[in-house]
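The values are calculated or read from the model by the stated rules, or taken from the named source; none is laboratory data. Note that the structure is a prediction, hence the values are computed from the model and not measured. A quick note on method: Cβ atoms are made from the backbone with ideal geometry, for glycine too, and the neighbour counts reach across all protein chains shown.
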Amino acid sequence: MFFRVIFIFNCAAKAGLSLNISDSCPSMCKCAPEEVIHCNRAGLRALPGEIAASTVSLNLSNNYLRILTTNTFRNLTFLHSLWLDGNNLTFLSPGTFHALGKLRELDLSRNTRLTYLHANTFRGLLNLISLDLSHCNIFEIHPLLFSHLPSLESLNLASNNMRYVPQAFSNLSSLTRLSLESNHIEAIGRDSLKDLESLYDLNLRKNRIWIIQNGAFTKLLRLGVLNLGHNFIADLPNQLFDGLIQVKTMHLEANRITDIGCTFRLLLNLRNLYLNNNQISSISDSAFSYLNKLHFLHLSKNNLSSLPLRLFVELPKLKYVFLSHNPWKCDCKMFWFLRWTAMFRGALEGLDCAFPSQHNTTALSVPHPMDCTVPPELESKDKCGAAGTSMAPGPPAPTSKVFLLVVTCHTWYFARRWDSSVAMF
């Protein structure tokens, strides 16, 4: 359709005819059918006066606009989309967008001189669905800034200078996506997110978060994706994620977590869990109990030398496990795991076993024969202490070769050699 209209436009131009759309198209801009005007990278320092009142979409990206007043867009009442990203905006007068009652998409990103927004900046935008304020230098947000946006579904506040979660979300009952990535936030309070009951995707990646109060996520009953990666989180209290009954994907990679307790046990819909690039050295035996839908587990780049008995036994949907770059020790504590892999039908990556050599260095080799009957001190203990928790029986003895995606041949030999001499755990 687009190419067809261009062809008609060219033919009309050659014939000396004029089209209505050319009459309302500024000379430095490009205009398309359906009242779409592209004035991006046009060197503009002010809004062109020739823009038709019937314009539906206006692209003013990457220009030199500095100040917008209440009169700037007063005649463009039919606008549905407005791009103002990549300008030099320093101030938006209160009521700048008051005439744009039909606007659904507003992009103000990459205005690096924009540090503060007045409470009435977005007054009149009753139908706005998407607002992008990323890559500015906003350090403070008025508590009433978003109170005029009852229809807002997507809000991007990434890459600003905020040091705390704004107290401005109380009227965003329709919000489903919120990004606060790459700010300087250090703490998530108990009431910071309490009004976002429709939220599905919350991105807090690349902040400085080290404190999360219990109950911070209690009201987020519809949340499906939570990204807390690349922060300073060290502890995972058991009640930390209470309320996240619908969460499907959780990012906790690149934090400072040292051990995994019972934090995830109530996340019954969890499918993807990222715990890579931490400092995890211990995991509770039943840390992943009840995660019947867990599909993807990333534990690479931690300090794990062994895994507790039957850690994965109650994960019927598990398909992908990543374990590379851990100091694994293939002794009797890990033999149950080698037996479990015989029945695993997914992809297991990165189990490289290190054994001490005669010269006190680490080398890949097969240990001398030993008795791998599990002594009492190696038996599993449920650190979560859940009453009435039933442990599923271990997998049956393998009848074919052990399957590993990226496991050394020495590990395979070790598993095969002791396959007939070790009792089922």
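Give region 268-279 a look and list any residue that's more than 18 Å from Lys319 (Cα to Cα) and surrounded by 21 or more Cβ atoms within 10 Å (Cβ to Cβ), or say none.
Hit for region 268-279 is Asn278, nothing else.
Would it be correct to say that Asn207 is buried (at least 16 other Cβ atoms within 10 Å of the Cβ) and either within 17 Å of the chain's Cα centre (by Cα) or assigned to a loop (DSSP other than H, G, I, E, B) (or both)?
In short, yes.
Can you tell me which residues in region 267-290 are over 20 Å from the mean Cα position of the chain (by Cα) and either of a type in the set (Phe, Trp, Tyr) or in a loop (DSSP other than H, G, I, E, B) (or both)?
Result: Gln279, Ile280, Ser281, Ser284, Asp285, Ser286, Ala287, Phe288, Ser289, Tyr290.
Across region 246-266, what is the number of residues that are in a loop (DSSP other than H, G, I, E, B), at pLDDT 95 or above and aliphatic (A, V, I, L, M)?
4
Within region 46-65, work out how many residues are at pLDDT 95 or above and either more than 12 Å from Leu79 (Cα to Cα) or hydrophobic (A, V, I, L, M, F, W, C) (or both).
Looking only at that region, the number is 8.
Any idea how many residues of region 308-338 are farther than 17 Å from Tyr290 by Cα, surrounded by 20 or more Cβ atoms within 10 Å (Cβ to Cβ) and under 28 Å from the mean Cα position of the chain (by Cα)?
4
Going through region 215-229 one residue at a time, which ones are in a loop (DSSP other than H, G, I, E, B) and either under 20 Å from Ser198 (Cα atoms) or out of contact with any Asp or Glu (no Cβ under 7 Å at 6 or more places or on another chain) (or both)?
Just the residues of region 215-229 that are in a loop (DSSP other than H, G, I, E, B), to begin with: 215-224, 228-229.
The answer is Gly215, Ala216, Phe217, Thr218, Lys219, Leu220, Leu221, Arg222, Leu223, Gly224, Leu228.
Out of everything in region 95-138 that is within 23 Å of Asn40 (Cα to Cα) and basic (Lys, Arg), what residue ends up being surrounded by the fewest Cβ atoms within 10 Å (Cβ to Cβ)?
Only one residue fits best here, namely Arg113.
Is it the case that some residue within region 319-329 is in contact with a Pro (Cβ under 6 Å, 6 or more places away or on another chain) and touching a residue at least 40 places away in the same chain (Cβ under 8 Å)?
No; the residues of region 319-329 include none that is in contact with a Pro (Cβ under 6 Å, 6 or more places away or on another chain) and touching a residue at least 40 places away in the same chain (Cβ under 8 Å).
Can you report the number of residues in region 130-155 which are among the polar types (S, T, N, Q) and over 20 Å from Glu197 (Cβ atoms)?
Residues flagged as among the polar types (S, T, N, Q) and over 20 Å from Glu197 (Cβ atoms) within region 130-155 amount to 2.
Looking at region 27-50, I want the residues that are touching a residue at least 24 places away in the same chain (Cβ under 8 Å) and have a partner that is in a strand (DSSP E or B) with Cβ atoms under 6 Å, at least 6 apart or on another chain. Which pairs are those?
Partner pairs satisfying both residue conditions: Asn40/Asn59.
Which numbered condition in (1) surrounded by 16 or more Cβ atoms within 10 Å (Cβ to Cβ); (2) closer than 30 Å to Leu221 by Cα; (3) not hydrophobic (A, V, I, L, M, F, W, C) is the only one that Thr341 fails?
Thr341 satisfies every listed condition except (2).
Exactly one condition in (1) farther than 26 Å from Glu197 by Cβ; (2) in contact with a His (Cβ under 8 Å, 6 or more places away or on another chain) is false for Asn160; which is it?
Only one criterion is unmet by Asn160, namely (1).
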